[in-house]
Structures are given as C-alpha cells and as structure tokens.
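The values are calculated or read from the model by the stated rules, or taken from the named source; none is laboratory data. This is a predicted model, so every value here is computed, not measured. With ideal geometry, Cβ positions are generated from the backbone for all residues, glycine too; neighbour counts draw on all protein chains shown. Ligands, DNA and RNA are stripped out before the accessible areas are found, and what is left, the full protein with its side chains, is counted by its heavy atoms. Shrake-Rupley method; radii C 1.70, N 1.55, O 1.52, S 1.80 Å.
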Amino acid sequence: MLEIRGLSAGYGAISAVRDMDLSVRKGSLCVLLGSNGAGKSTTLRCIAGLHRPVTGSITLESREISPMPVHSVVRTGLALVPEGRMVVAPLTVEENLELSRFSGRNRDGDTLARVFELFPRLKERRRQHAGLLSGGEQQMLAIGRALMTRPEVLLLDEPSMGLAPAIVDLVFDAIVALHKQGQSILLVEQNATLALSVCDFGYVMRRGHVVVRGKPEELRQNPEVLKAYLT
Ligand SMILES: Nc1ncnc2c1ncn2[C@@H]1O[C@H](COP(=O)(O)OP(=O)(O)OP(=O)(O)O)[C@@H](O)[C@H]1O
Ligand SMILES: [Mg+2]
C-alpha cells in the first residue's frame, strides 16, 4: 500500500499541496481528480521523488520513501508517467524501453514482451525513433517505459491529454488491462466520467487539498463532483 499523510509542498511562497492524505491499496486503481492548478501533478511529483515536500510522510509497504532521490524511489517500486510524456526523441522505441529497464528493480527479460503485448503498436514500431511517433504512440511508450521498471505502483499524470478519443480508448483499455493483472495505479485525470468508469476509488482535490473521497458510485452522486466535473 502507498500511503500519503499530511503532505504539504509548494514552490517558494506558492503552496501547491496542503495537508494531503491519500492511499492506494495493493491492486487498486485510484483516480485523483481536480481542476487546473489543484495540485495533482505536484502530488505525483512528490511521490516520485521529483519534488521535495515541506512536510508529511510518503510510505510504500510501510517504508518511508520521502525524501529520497528519484533513482532510489524508482528502485523501491514507484514509476511516474509524467505530463507531456518526455520520451527520448532520438532513440528508438526499443532503446527507450531498454534504457529504463536498468533503473528499475527487476531486470529479467520478459518485461519487454509484456509491454509489447499490452501495446502491439510499439512492437510494430520498435525500430522507429521515438520522436517520429504520434502523440498516442508516445503516450504508450511513456507508459511502457514506466512498466519496464516493474513498479509496485504506477503513477499516471493525465495520460489522455491531447489525444483523439479513439486513442484515449486504446490507452484506457491498457490501463484497465494492467489493473486486471493486479497492477496498483494512481491515475490523475481531467476526464472525470472516463476516470470514474474505470477506477475503484477516487479522490477530488481542490486548492492543494483532498475535498471529496469515495467509491466511484459515491463520487458520481456527490453534488460537488457533479457540479464541477460531470456537467
Ligand atoms: N514549477 C512551478 N513553479 C511555480 N509554481 C508552480 C510550479 N508548478 C506548479 N505550480 C503551481 O502550483 C499549483 C499546483 O500546480 P500543479 O501543477 O500541481 O496542479 P495540477 O492539478 O497538476 O494542474 P493541471 O491540471 O493544470 O495539470 C498551481 O498553483 C501552480 O501554478
Ligand atoms: Mg498537472
């Protein structure tokens, strides 16, 4: 289980996350909703070791992981698929994937096959430079790259952003398939309808704070969620 307790973080005088509590149970697909600037990415960046919190604790299987450098966080089992994907453009698809195998915990051979099974398009384009991929393919590659580290919890920051609806469906089918395989996932998503249709627990953030939490069927009926995200 990933547990965040009393997390606060910011940028100089700007407070982005305030006294945040959140848990991701083993095997669960949790979604973190919230409008622009609510603090979702900052929360994920703190978990991934990319941003140093001011206070609070972040534990994975009861082991404190904050503050820890990114490479150590990855080795303990957390992998972030960042907003904007950040694939290495001059390298091929396969090189991008192989590169991240060595930052993770498990270096055996079948992870690449698992990624190619999840995203057959990546297999077809394995020798192509990542910079030449479409946005959707780059998103698949970014997810594949995170999976190569064999994460205990996969952190996804707005994987649907900027993608055509058909491609969003492909990416979400993969997220659902991973969840079915038992992968724990924390998903940040702006599309609340879509996110609530796949998750088993949800959090809503406003101004750096979790304001609503519950099962998707509860969230769908919550007046605040209805008003802000499901209109
Ligand atoms: N690098 C930065 N420097 C200064 N302020 C920042 C920086 N990154 C984020 N912030 C501020 O921190 C707050 C939270 O931002 P964050 O990116 O975590 O929100 P978000 O929920 O991910 O938003 P979005 O939906 O737009 O991605 C916002 O007020 C934002 O302006
Ligand atoms: Mg964000």
By the Cα gyration tensor axes a ≥ b ≥ c (a/c under 1.5 gives rounded; else a/b larger than b/c gives prolate, otherwise oblate), the shape of the range 19-60 is oblate
Restricting the count to DSSP beta bridges whose residues both fall in the chain, what percent are antiparallel, rounded to a multiple of 5?
-> 55 percent
Starting from the amide H of residue 210, placed 1.01 Å from N in the peptide plane, find each other amide H under 5 Å away whose residue is 5 or more places distant or on another chain.
-> 21
For the chain, calculated [θ]222 nm from helices alone, where every DSSP H run of n ≥ 4 adds -39500 (n - 2.57) | -10500 deg cm²/dmol
Per the C-alpha gyration tensor (a ≥ b ≥ c, the square roots of its eigenvalues), the range 92-131 is rounded if a/c is under 1.5, else prolate if a/b beats b/c, else oblate; here it's oblate
Among 175, 198, 80 the positive-end extreme of the charge dipole of the range 2-229 (Cβ point charges) = 80
Dipole magnitude of the chain about its Cα centre (Cβ charges: Lys, Arg +1; Asp, Glu -1), debye to nearest 20 | 300 debye
Sticking with the crude label model, points 7 Å out along Cα→Cβ, report the distance from residue 164 to residue 26 in nm, one decimal please.
-> 4.2 nm
What is the log10 of I(q)/I(0) for the chain, computed with the Debye formula using one identical point scatterer on each Cα and no solvent, at q = 0.16, 0.17 Å⁻¹?
-> -1.12, -1.26
Taking protein heavy atoms only, a 1.4 Å probe, and rounding to whole percent, the accessible area of the chain owed to carbon and sulfur comes out at 52 percent
Once both labels are modelled 7 Å past Cα along the beta-carbon direction, what's the residue 35-residue 176 spacing in nm?
-> 3.0 nm
Segments 113-119, 141-147, 182-188 sorted - mean Cβ within 10 Å per residue, highest first = 141-147, 182-188, 113-119
Decide, for the range 119-170, between rounded, prolate and oblate: order the square roots of the alpha carbon gyration tensor eigenvalues as a ≥ b ≥ c, take rounded if a/c falls under 1.5, and otherwise choose prolate if a/b is larger than b/c, else oblate.
-> oblate
